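Structure first, then comments.
The values are calculated or read from the model by the stated rules, or taken from the named source; none is laboratory data. On a predicted model such as this, the values are computed, not experimentally measured, just so you know. All Cβ positions, even for glycine, are placed from backbone atoms using ideal geometry, and neighbour counts span all protein chains on display. Ligands, DNA and RNA are excluded from the accessible area calculation, which covers all protein heavy atoms including side chains. Shrake-Rupley method; radii C 1.70, N 1.55, O 1.52, S 1.80 Å.
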Amino acid sequence: MSIKRAYALYAAFFTIFIILVAKVAYIQFFSSKSLAESAFHQRLSNNTIESLRGNIFDRNGIPFTNREQRYTAFIKSAYVPESVSDRGKVCAALGIEADALNNLTAKNNPLTIETNREGSDAILKMNTDWVTIVHSLNRYDSGTLAKHVIGYLSGKDKIGQAGIEKAYDKELGNNSTFEIGAVTDASKKPIKGLGYRIKSWSAEDSLHIKLTLDYHIQKLVEEAMEKNGISGAVVVEDVVTGDILAMASKPDFDQESIENYLNSSGNELFNKATAAYNLGSVFKIIDAAALYENMDTLQGKFYKPNQYLSPYMGYDTEYDMNSQVIPEDYFNLDHYECTGSVNINGLIFKCSSYLSGGHGAMNLEQAFAVSCNSYFIEMSQRIGYKNLIAMAQKFGLGTVTGISYQGVSEAGGSLPPIDSYYSKADIANLAIGQGVLLATPLQVADMVATVANGGIKNGVNIVDSVVDGEDRVVREVRAEEGKRIISKSTADKIKSLMKAVTDYGTGKEAGMAYYGGAGGKTGSAETGTKGVVHAWFAGYFPSVEPKYSIAVFVENGLYGGKTAAPVFADIAMGMAKLGY
């Protein structure tokens, strides 16, 4: 072998030796702790108690989830005493069979038993070293609010299956578990002296979801719905910001027993607040907006209030009918004679006053207040189909509000296409909120909020942000946007009409005279099913400088003024009493 080759082999062996020495030194001085921990965890027999999730908060940081204390008794199998008396005392305290712990051996995994406050206190008084009480929190409880918004988890792996729980499962789940285990030998037998270990977890390790809902308003809403025994939905919106402050659907469900509702006929899992229904006379808000916004282009089809009046129409004025060209299809907004029905090409559209022979002489305010179908059918013939559809589109009917992009599913409702064929009968149906027109309680609350906000339509929000354990914003979710869709003058006029509804019209039971007053609109929506008529009341309060809009929908409630308006009043007065 040449000297050159010998030096090369020597250099190679020396290099390998140096690397091995360095590796041993690194393990000895730098990795010993982590390797020891790895070895320890290989000997640790873990028992998962629960998967831990971040919280879902209201706008003020009040939790909707993880509110109820949970007590779990942790039985250290390796240390269970032989004394039948000692075991029996623990069994009695936990409310389990007297012999439930008799067959435990040192090889058994730690045993966990759910208990209550009383059981926990009894165990703690015993001061025994083989039973430990672990405090945690139940994800849901019997008093959990906003269930259709919050959603629920799968029973086994606790993964979000609906609502916010599903939409933000990645943020809320955080792959955290609460585990208890024993240090075992090679035969999986706990090693006495090394004891049991609890895997600790801090709320600061997780992310949380902050909603726009207000816990106290949500509670008021759900209590009012239960008090009045209604099946339906309520949505409360902040007029100025577009934030949804409450959203409730009844009947609701037990989030821990979803399997009981999968084949139920009660639709408990169905969120009625974001489902689309026949709208009925609430659509007359759109009729009024279309009238006021298009008045200048509709000259010759209407007599404006207090304009072109004559003794012929019963008014004290010196107007000469022969001095003006009067269109054959004119409509006097200040004087319309309701006879109880309207004949459109042989189709009879009945008013609520049909059986009594009609409302008689009506002006616009009176017709709106008593919800005169005849007046609005005739008026809308002059407004025109496309003007009505265009105005409905401006208010957001026929499309989602946007909370579906924030994690809460919603229907968009339906509107007839603006460029489709239409007849006078189609206009009549549209004017009174019937036909193919469908809207959600959420859309209706936003429609009223837009009017109450002076004609400015805000972005609708139900999720504010993702926050960390110290309430620092990790990600903004809310949409900040607003645009004017009708003039302030038009909005003010519509508010005046809505105030008449609660002052002397069909919505008197929602008046709130001693709490700042309110404005609103009732609705009774035929569904196509004989005898099934949904009831609506949509309004705002207080009447001066409104702060909140509320949409109340009652399934098969028949009359909005009788079944929906009182719910509105209960909620609005409750909010006023709380200082909202």
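For segment 264-294, the set of residues classified as surrounded by fewer than 22 Cβ atoms within 10 Å (Cβ to Cβ), assigned to a helix (DSSP H, G or I) and aromatic (Phe, Trp, Tyr) consists of 292 only. Selection within segment 554-566: residues that are outside any loop (DSSP other than H, G, I, E, B) and surrounded by 18 or more Cβ atoms within 10 Å (Cβ to Cβ). The member of this set that is nearest to the chain's Cα centre (by Cα) is 554. Could you tell me whether segment 567-576 includes any residue that is part of a strand (DSSP E or B), at negative phi, small (Gly, Ala, Ser) and surrounded by 20 or more Cβ atoms within 10 Å (Cβ to Cβ)? No; the residues of segment 567-576 include none that is part of a strand (DSSP E or B), at negative phi, small (Gly, Ala, Ser) and surrounded by 20 or more Cβ atoms within 10 Å (Cβ to Cβ).
Scanning segment 110-140 for residues that are more than 13 Å from residue 72 (Cα to Cα) and among the hydroxyl-bearing types (Ser, Thr, Tyr) yields 128, 140.
Applying the criterion of being modelled with pLDDT of 90 or more and out of contact with any strand residue (DSSP E or B) (no Cβ under 8 Å at 6 or more places or on another chain) to the residues of segment 38-68, the residue that is least open to solvent (accessible area, probe 1.4 Å) is 62. In this structure, residue 496 qualifies as outside any loop (DSSP other than H, G, I, E, B), open to solvent by 10 Å² or more (accessible area, probe 1.4 Å), in contact (Cβ under 8 Å) with a residue 12 or more places away in the chain and out of contact with any strand residue (DSSP E or B) (no Cβ under 7 Å at 6 or more places or on another chain). Quick one: is residue 487 farther than 24 Å from residue 292 by Cβ, at pLDDT 95 or above and surrounded by fewer than 20 Cβ atoms within 10 Å (Cβ to Cβ)? Spelling it out, it is not the case that residue 487 is farther than 24 Å from residue 292 by Cβ, at pLDDT 95 or above and surrounded by fewer than 20 Cβ atoms within 10 Å (Cβ to Cβ).
Being open to solvent by less than 50 Å² (accessible area, probe 1.4 Å), assigned to a strand (DSSP E or B) and in contact with a Lys or Arg (Cβ under 6 Å, 6 or more places away or on another chain) holds for only one residue in 551, 538, and it is 538.
Just to be sure before I move on: is residue 378 over 21 Å from residue 485 (Cβ atoms), in contact (Cβ under 8 Å) with a residue 60 or more places away in the chain and assigned to a helix (DSSP H, G or I) in the structure I sent? The answer is no for residue 378. Out of all the residues in segment 182-195, is one or more out of contact with any helix residue (DSSP H, G or I) (no Cβ under 9 Å at 6 or more places or on another chain) and at pLDDT 65 or above? For segment 182-195, residues out of contact with any helix residue (DSSP H, G or I) (no Cβ under 9 Å at 6 or more places or on another chain) and at pLDDT 65 or above: absent. With touching a residue at least 24 places away in the same chain (Cβ under 8 Å), crowded, with 16+ Cβ neighbours inside 10 Å and in a loop (DSSP other than H, G, I, E, B) as the only criterion, which of 140, 71 stands out? Checking each option against the conditions leaves just 140. Take the residues in segment 383-407 that are in a helix (DSSP H, G or I) and farther than 22 Å from residue 436 by Cβ, then tell me which one is most open to solvent (accessible area, probe 1.4 Å). My answer is 405. Of note, residue 510 satisfies the criterion of being of a type outside the set (S, T, N, Q), under 21 Å from residue 228 (Cα atoms), modelled with pLDDT under 95 and buried (at least 16 other Cβ atoms within 10 Å of the Cβ). Please verify whether segment 409-417 includes one or more residues that are charged (D, E, K, R), open to solvent by 10 Å² or more (accessible area, probe 1.4 Å) and under 36 Å from the mean Cα position of the chain (by Cα). So far as segment 409-417 goes, yes, one or more of its residues are charged (D, E, K, R), open to solvent by 10 Å² or more (accessible area, probe 1.4 Å) and under 36 Å from the mean Cα position of the chain (by Cα).
Exactly one residue among 217, 258 is among the aliphatic types (A, V, I, L, M), modelled with pLDDT under 95 and touching a Leu at 6+ places or on another chain (Cβ under 9 Å), and that residue is 258. Among all residues of segment 279-290, there is at least one that is aromatic (Phe, Trp, Tyr), in contact with a helix residue (DSSP H, G or I) (Cβ under 8 Å, 6 or more places away or on another chain) and under 21 Å from residue 527 (Cβ atoms).
Every test in (1) of a type in the set (A, V, I, L, M); (2) within 24 Å of residue 532 (Cβ to Cβ); (3) free of Cβ contacts under 8 Å to residues at least 12 places away in the same chain is passed by residue 269 save one, and that test is (3). Residues that are aliphatic (A, V, I, L, M) and either open to solvent by 10 Å² or more (accessible area, probe 1.4 Å) or under 17 Å from residue 215 (Cα atoms) (or both) within segment 234-246 comprise 234, 235, 236, 240, 244, 245, 246, listed in sequence order. Per the listing 256, 223, the residue uniquely among the acidic types (Asp, Glu), closer than 18 Å to residue 160 by Cβ and open to solvent by 50 Å² or more (accessible area, probe 1.4 Å) is 256. Does at least one position in segment 441-458 carry a residue that is open to solvent by 10 Å² or more (accessible area, probe 1.4 Å) and at pLDDT below 95? No: zero hits. For residue 350, the conditions (1) over 24 Å from residue 565 (Cα atoms); (2) surrounded by fewer than 15 Cβ atoms within 10 Å (Cβ to Cβ); (3) not aromatic (Phe, Trp, Tyr) all hold with the exception of (1). Report yes if residue 529 is in a loop (DSSP other than H, G, I, E, B) and crowded, with 21+ Cβ neighbours inside 10 Å, otherwise no. Here the answer is no, as residue 529 does not meet what is asked. Taken together, 150, 113 contain a single residue that is open to solvent by less than 40 Å² (accessible area, probe 1.4 Å) and more than 30 Å from residue 403 (Cβ to Cβ), which is 113. Scanning segment 143-161 for residues that are in contact with a helix residue (DSSP H, G or I) (Cβ under 7 Å, 6 or more places away or on another chain) and not in a loop (DSSP other than H, G, I, E, B), we see that the one that is farthest from residue 54 (Cα to Cα) is 148.
Of all residues in segment 80-89, exactly one satisfies the criterion of being surrounded by 18 or more Cβ atoms within 10 Å (Cβ to Cβ) and touching a residue at least 24 places away in the same chain (Cβ under 8 Å), namely 80.
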